[in-house]
1. Please go through (1) of a type in the set (D, E); (2) buried (at least 17 other Cβ atoms within 10 Å of the Cβ); (3) within 16 Å of ligand 1 (Cβ to nearest atom) for E274 and return the number of the only condition it doesn't satisfy.
2. Among the residues of the range 176-187, is any within 16 Å of ligand 2 (Cβ to nearest atom) and of a type in the set (S, T, Y)?
3. I'm trying to understand the selection: among the residues of the range 370-413, which are of a type in the set (K, R) and either more than 22 Å from G218 (Cβ to Cβ) or surrounded by fewer than 19 Cβ atoms within 10 Å (Cβ to Cβ) (or both)?
4. What is the number of the single condition among (1) surrounded by 18 or more Cβ atoms within 10 Å (Cβ to Cβ); (2) at positive phi that G86 does not meet?
5. Which members of the range 185-233 meet the condition of being under 22 Å from K279 (Cβ atoms), more than 14 Å from ligand 1 (Cβ to nearest atom) and of a type in the set (G, A, S)?
6. Answer with yes or no whether A233 is in a loop (DSSP other than H, G, I, E, B) and either within 25 Å of E324 (Cα to Cα) or under 21 Å from the mean Cα position of the chain (by Cα) (or both).
7. In this structure, does S231 turn out to be over 18 Å from A115 (Cα atoms), out of contact with any Pro (no Cβ under 9 Å at 6 or more places or on another chain) and within 16 Å of ligand 2 (Cβ to nearest atom)?
8. How many residues, within the range 143-160, are part of a loop (DSSP other than H, G, I, E, B), within 16 Å of ligand 2 (Cβ to nearest atom) and among the charged types (D, E, K, R)?
Amino acid sequence: MNILILGGGGREHALAWAVLQNPKCDKLIVAPGNGGISRIAQCAAIEPTDAGAVLDLCAEESVDFVIIGPEAPLAAGVADRLRDAGLLTFGPSQAAAQLEASKGFTKDICDACDAPTAAYARFTAAGPAKDYIRAQRAPIVVKADGLAAGKGVIVAMDEATALAAVDDMFAGAFGGAGAEVVIEEYLEGEEASFFVLCDGENVLPIGTAQDHKRVGEGDTGPNTGGMGAYSPAPAMTEDVTRKALESIVKPTVAEMARRGTPFTGVLFAGLMIENGQPKLIEYNVRFGDPECQCLMLRLGAQALDLMLATAEGRLGESRVTWAEDHAMTVVMAARGYPGAYEKGSEIKGLQDMPETSFEICFHAGTTREAGRDTASGGRVLALTARGDTLQDARDRAYGLVARVDWPEGFCRSDIGWRALSG
Ligand code: AMP
Ligand code: GLY
């Protein structure tokens, strides 16, 4: 079959790699793709949010199945447009993508189905929001309701920070995303990510991961899209996983179906776990980046079968086969990221990187021209490896990092520290 993947990050390189492991794939196109993806698939220079251009591409290339990687096209309703045109599509409808696109919506769903989450209130004006903060007291968390590229969350350890965050959001710091603000209870504990596939009715867990959001060693400094991740997450014990599934994920999926907006695709629950009890921090309606790089290396060829079963409503008969292994991915970013950074520096050493189901260099923001790889984004590479233990996976992933010759790049040296020290 002919398959189209929308997106151009490390996540989409990992999805592309996994899809190509499966003999069902005859032709793979990725739009827009990146320098690494262009080595293994055909890339098409179109915007994933441009539904018209995506539909034209599908017609030209006789595409049978579309996998949507990032949240922007999902929130823009691209999956609906594709399904309306009769195309088999992996990714939720615009209505179901509200689980990521509106934090207030998700909190109300949690309320309706009794899923454990932080106590909260929704506001459309600064005055009442500030009164609520003064009454609840810091620490407290202030969130822009809409999509803000992972930057719309302020974890305020003191009241002044929380009040300033409210002013910033209503002043338009996050554009339309901040027209409504959610203020919620500060949760303590350990964070973990839980991934399930869902065909509207059936739910199939496909793995757990932990990522490192902060740019600096020891999880310090500003938030990023993610500087590294590992899978499985030790915090997701069998008991915690069962509780997350039964008390959070399944009730959410049932509530979405009850409302007539069933969820299909991958549901990514960001959890906070304290004393063995998981609470929902947020949902994403797509794979995490860089968590996906770990999951795809562990799943391999079956990832395509599972995504097809999801899109065709056949998850009830699907199983996941797991090796008892571990995966880690280490992100290399351009110096300055997540602040201002330069583009265009040359990256050497990528030509003879291993590309096996144990060690692989996934590309994010790279461009390949005339045989040269250059950096064209903030997060640039995701060096990913598998091993029998997390330590093995870590040693292999950092072994790959050592082969990259790119003075303008950096990475954290402590990905997995919490799990490895435990
Ligand atoms: P989000 O974009 O919702 O994932 O939030 C970004 C990060 O903010 C999360 O990964 C958490 O580290 C932190 N965070 C969000 N909500 C809370 C909360 N209620 N309590 C503590 N930390 C939170
Ligand atoms: N790595 C976190 C995310 O993709 O949202």
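The values are calculated or read from the model by the stated rules, or taken from the named source; none is laboratory data. Note that the structure is a prediction, hence the values are computed from the model and not measured. For neighbour counting, all protein chains shown are included, and Cβ atoms are generated from backbone atoms with ideal geometry for every residue, glycine included.
1. Condition not satisfied by E274: (2).
2. Filtering the range 176-187 down to residues within 16 Å of ligand 2 (Cβ to nearest atom) leaves 177.
Checking the rest, the ones that are also of a type in the set (S, T, Y) come to none.
No, the range 176-187 contains no residue that is within 16 Å of ligand 2 (Cβ to nearest atom) and of a type in the set (S, T, Y).
3. Step one: of the range 370-413, the residues of a type in the set (K, R) are 372, 379, 386, 394, 396, 403, 412.
If the condition is that a residue be of a type in the set (K, R) and either more than 22 Å from G218 (Cβ to Cβ) or surrounded by fewer than 19 Cβ atoms within 10 Å (Cβ to Cβ) (or both), then R372, R386, R396, R403 are the ones that fit.
4. (1)
5. G207, S231
6. Numbers: in a loop (DSSP other than H, G, I, E, B): yes; either within 25 Å of E324 (Cα to Cα) or under 21 Å from the mean Cα position of the chain (by Cα) (or both): yes.
Considered against the rule, which asks whether it is in a loop (DSSP other than H, G, I, E, B) and either within 25 Å of E324 (Cα to Cα) or under 21 Å from the mean Cα position of the chain (by Cα) (or both), A233 comes out as yes.
7. Values: over 18 Å from A115 (Cα atoms): yes; out of contact with any Pro (no Cβ under 9 Å at 6 or more places or on another chain): yes; within 16 Å of ligand 2 (Cβ to nearest atom): yes.
Here the answer is yes, as S231 does meet what is asked.
8. Going through the range 143-160, the residues part of a loop (DSSP other than H, G, I, E, B) turn out to be 145-152, 157-158.
Imposing the further condition that a residue be within 16 Å of ligand 2 (Cβ to nearest atom) reduces the set to 146-152.
Restricting the remaining residues to those that are among the charged types (D, E, K, R) gives 151.
So the answer is 1.
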